[in-house]
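Trainee: Quick one: the structure is below, questions incoming.
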Amino acid sequence: VQLQASGGGLVQPGGSLRLSCAAGGILVSISDMAWYRQAPGKQRELVARVTSAGNRDYADSVKGRFTISRDNPKNAVSLQMSSLKPEDTAVYYCNYYSRGNNYWGQGTQVTVSS
């Protein structure tokens, strides 16, 4: 399984970013996929996930601002982030979960700062 995340960067508060995770070795369309993040000095936390059945859920802190979606032709999962806040600053990781195993991408840095 290969997960390649991209799209991070520096953005001002209130701005938007779109993260993408290209997958190899799995079919995103039938997989449980998620985005996590880890801020300095904090534990990694779940941001958003989409199940193989298409159900989505989000951390309370990002509800209404972030949207997770699958791009099946590209075999990728994306995270559209809007109304970004400084507290969204973290390394964001793509995740694939299957049969008790977690697979991680390399992470992409998102920094929200003026």
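Trainee: Please compute, for the alpha-carbon atoms of the stretch 1-40, the extent along each of the three principal axes and give them in descending order in Å.
Mentor: Extents along the principal axes, in whole Å: 35, 20, 15.
Trainee: Another question, then. About the Cα centre of the stretch 1-63, what is the dipole size in debye to 20, counting +1 per Lys and Arg Cβ and -1 per Asp and Glu Cβ, all else neutral? Could you put the intermediate results ahead of the total?
Mentor: Working: 7 positive and 4 negative charges, 24 e Å.
The dipole of the stretch 1-63 has a size of about 120 debye.
Trainee: How many Å³ per residue does the convex hull of the Cα positions in the stretch 1-112 occupy?
Mentor: Working: hull volume 10.5 nm³, N = 112.
It comes to 93 Å³ per residue, whole-number rounded.
Trainee: Ranking request for peptides 72-82, 11-21: highest mean number of other beta-carbon atoms within 10 Å first, then the rest in descending order.
Mentor: Values: 72-82: 18.1, 11-21: 16.4.
Sorting 72-82, 11-21 by mean packing, highest first, produces 72-82, 11-21.
Trainee: Separate question: Any idea of the accessible area per residue across the chain, 1.4 Å probe, to the nearest Å²?
Mentor: Working: 6060 Å² over 114 residues.
Per-residue value: 53 Å².
Trainee: Using Cα centres only, tell me the gap between the stretch 75-112 and the stretch 25-64 in whole Å.
Mentor: Distance between centres, Cα-based: 7 Å.
Trainee: Hey, could you get me the Stokes-Einstein D for the stretch 64-114, Kirkwood radius over alpha-carbon pairs, 4 °C and 1.567 mPa s, rounded to whole µm² s⁻¹?
Mentor: Values: Rh = 12.7 Å.
Approximately 102 µm²/s, per Stokes-Einstein.
Trainee: Counting only protein heavy atoms and using a 1.4 Å probe, what share of the accessible area of the chain belongs to carbon plus sulfur, as a whole percent? Numbers along the way, then the final one.
Mentor: On the way: 2760 of 6060 Å².
It is 46 percent, rounded to a whole number.
The values are calculated or read from the model by the stated rules, or taken from the named source; none is laboratory data. Here the structure is a predicted model, which means the values were calculated and not measured. Heads up, the Cβs are rebuilt from the backbone with ideal geometry, glycines too, and the neighbour counts pull from every protein chain shown. To get the accessible areas, we keep the full protein, side chains included, count just its heavy atoms, and leave off ligands, DNA and RNA. Shrake-Rupley method; radii C 1.70, N 1.55, O 1.52, S 1.80 Å.
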